[in-house]
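The structure appears below as structure tokens.
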């Protein structure tokens with residue numbers, strides 16, 4: 001008879017972060033302040049998640065199928081910016097695309 005631990009092994013599901021390498025990157029963006037309508041160049045912080053080249057050895061069929069579907073992508077970290085106009089200096093939300101798919 002097999003031991004109980006051999007029959008009922010806990011199933012370990014890999015987290016999404018196990019499939020990606022993650023780093024922060026700053027990219028320039030031209031944004032308009034909604035209060036003073038002045039346009040300026042801002043450094044927007046993005047989290048870049050690059051798909052790993054290969055999986056570790058502790059994967060099963062389900063994890064390999066998930067890995068095949070994943071693509072590298074970027075997520076915007078900054079949601080609010082402060083206006084660069086010295087007279088305004090108000091904070092405003094960044095609108096538009098918050099996630100970008102990359103290859």
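The values are calculated or read from the model by the stated rules, or taken from the named source; none is laboratory data. Note that this is a predicted model, so its numbers are computed, not measured. With ideal geometry, Cβ positions are generated from the backbone for all residues, glycine too; neighbour counts draw on all protein chains shown.
Before moving on, here are some points about what is shown:
- Test: residue in the range 67-81 that is outside any strand (DSSP E or B), out of contact with any strand residue (DSSP E or B) (no Cβ under 7 Å at 6 or more places or on another chain) and either in contact (Cβ under 8 Å) with a residue 60 or more places away in the chain or over 30 Å from residue 19 (Cα atoms) (or both): no
- Flag for residue 59 being surrounded by 11 or more Cβ atoms within 10 Å (Cβ to Cβ) and either free of Cβ contacts under 8 Å to residues at least 24 places away in the same chain or not in a loop (DSSP other than H, G, I, E, B) (or both): no
- Unique match (being assigned to a loop (DSSP other than H, G, I, E, B) and at pLDDT below 85) among 100, 13: 13
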